[in-house]
Amino acid sequence: MAGRSIPLIEVSGGPRERGHIHGESARTEIRHSIDYYREAFALSSGLRWPEVLSAARQWRGLVEAAAPDLLAEMDATAEGAGVLADEILALNARGEIVRSHDSAFASGTPAQDTAEAATTEPAEEVDGCSSFALLPEATGDHHVYCGQNWDWRVGAGPSTVMLRVVQPPKPTLIMQVEAGQIGRQGANSAGIALNANGLDGRFGTPPGLPQTVLRRLVLDCGNLRHALHVPNRVRQHIATNLLLTHRDGVAVDLETTPVIHRWGQPVNGLLVHGNHYQYGVPEPLRDSYRMSSPDSLYRVQVIERGLAAARDATDSAQVRKIITDTLSDHTGHPYGVCCHADPEVPAARQSKTIMASLVDLTTGEYRMAGGNLCDTPLELLPWNLYDGPGGDK
């Protein structure tokens, strides 16, 4: 079945203005997301919605201390959508809430050996994404490309939107998010792109920032050094992989956790990451680590093999076709690079590719698809990264 047409939302002004526009424009998608996660939390963690909202409130002070403008934007999004502020906070901290349930943070008791206890069984399923960066030496047109397949719950698909944020003097952003979220993955007018992949593991550390805030802070940066420094200057709550690509032809991959960061760099102009620790399992998890996405082990191989052909492409159209064909690969179906719902899994827990993206950082062209690339074509967005405030095309 073909994917959906993704709503395009543009916001501008100060934090509250941006939030109000976001909430009003995505009211239907935000309410769908709340309805979906109300059910999903109950099934995956046994949490009733009032308990989810109570847990979400524990992140309010952390976000306010690290990024008060983003908390103001979230609260205004709730007002614009006509929902509770805690509901928007819950959408922004959904992964943190799930992986804090039954931990010291959720119960309010002192932390004690939670890393070992929580990793004796496979972790709660993470966003199963496949990300890549292609640098000039690896592309026939010598452009810089990046993108990903975003694999997540089928029920979350109808809440996804494309968000353009005009916020001078900060860079202008284009992001794909679940409606109501402050950030996820995208690119900015300074030529910095962020693609992200979930990683497993609970670490028993004090609470830290939600991923949506961490990723927005990265994309708000006007230069690559500041963007790379964000995970070092703030404390995050859960592990994630951050693949940063810059239009000048460099890429850096960061496997970030609350306790340790490791990094990787391109080989022959190509960098690919999935949902497993590719640079070594963190020490607190090493003795009992169980990955929730073992398909990541072959997805990375498939993408590396497929994208190697981009080096011999004759023009940009052929490079894009090679990338599209690679991200449509069904090796290991239904758990391939192009992920489809597994009919043997209960409907509420089924995952698939809910969005795919391809960014040409050389030209500023941003393409996306609202579903599997095997049956949904990439569409060129009407926004160029380098148009408007902060652009430099």
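The values are calculated or read from the model by the stated rules, or taken from the named source; none is laboratory data. The structure presented is a predicted model; accordingly, all values stated were derived computationally and were not measured. Here the Cβ positions follow ideal geometry from the backbone for every residue, glycine too, while neighbour counts run over all protein chains shown. With ligands, DNA and RNA removed, areas are computed over all heavy atoms of the protein, side chains included. Shrake-Rupley method; radii C 1.70, N 1.55, O 1.52, S 1.80 Å.
Observations, loosely collected:
- Only one of the listed residues (G95, G3) is touching a strand residue (DSSP E or B) at 6+ places or on another chain (Cβ under 8 Å), assigned to a helix (DSSP H, G or I) and not acidic (D, E). That residue is G95.
- Residue match in segment 223-230 (condition: open to solvent by less than 10 Å² (accessible area, probe 1.4 Å), part of a strand (DSSP E or B), in contact with a strand residue (DSSP E or B) (Cβ under 7 Å, 6 or more places away or on another chain) and not charged (D, E, K, R)): no
- Checked against (1) surrounded by fewer than 15 Cβ atoms within 10 Å (Cβ to Cβ); (2) under 22 Å from the mean Cα position of the chain (by Cα), G364 meets all criteria but (1).
- Within segment 10-26, the set of residues being open to solvent by 30 Å² or more (accessible area, probe 1.4 Å) and either closer than 14 Å to L71 by Cα or aromatic (F, W, Y) (or both) comprises P15, R16, E17, H20.
- Among the residues making up segment 308-325, those that are touching a residue at least 60 places away in the same chain (Cβ under 8 Å) and either open to solvent by less than 40 Å² (accessible area, probe 1.4 Å) or on the phi > 0 side of the Ramachandran plot (or both) are A310, A313, S316, V319, I323.
- If you check L358, L385 for being surrounded by 16 or more Cβ atoms within 10 Å (Cβ to Cβ), assigned to a loop (DSSP other than H, G, I, E, B) and touching a strand residue (DSSP E or B) at 6+ places or on another chain (Cβ under 7 Å), only one passes: L385.
- Filtered residues of segment 42-74 (kept if farther than 20 Å from H32 by Cβ and under 21 Å from the mean Cα position of the chain (by Cα)): W59, R60, L62, V63, A66, A67, D69, L70, L71, E73
- G80 under 25 Å from E10 (Cβ atoms) and either open to solvent by 30 Å² or more (accessible area, probe 1.4 Å) or touching a His at 6+ places or on another chain (Cβ under 6 Å) (or both): yes
- Selection status of L244, open to solvent by less than 10 Å² (accessible area, probe 1.4 Å) and hydrophobic (A, V, I, L, M, F, W, C): yes
- When the test is whether a residue is at pLDDT 95 or above and surrounded by fewer than 20 Cβ atoms within 10 Å (Cβ to Cβ), R305 passes it.
- Condition met for I174 (in contact (Cβ under 8 Å) with a residue 60 or more places away in the chain and over 19 Å from R16 (Cβ atoms)): yes
- Of the listed requirements (1) closer than 14 Å to V359 by Cα; (2) assigned to a strand (DSSP E or B), N241 misses just one: (1).
- Qualifying residue in segment 272-288 (condition: farther than 17 Å from F203 by Cβ, in a strand (DSSP E or B) and not basic (K, R)): yes
- Residue count for segment 76-91, restricted to those that are farther than 23 Å from W152 by Cβ and within 21 Å of the chain's Cα centre (by Cα): 0
- Residue that is in contact with a helix residue (DSSP H, G or I) (Cβ under 8 Å, 6 or more places away or on another chain), surrounded by 17 or more Cβ atoms within 10 Å (Cβ to Cβ), within 23 Å of G208 (Cβ to Cβ) and without any contact (Cβ under 8 Å) to a residue 24 or more places away in the chain, where the choices are A55, A66, A93, A85: A85
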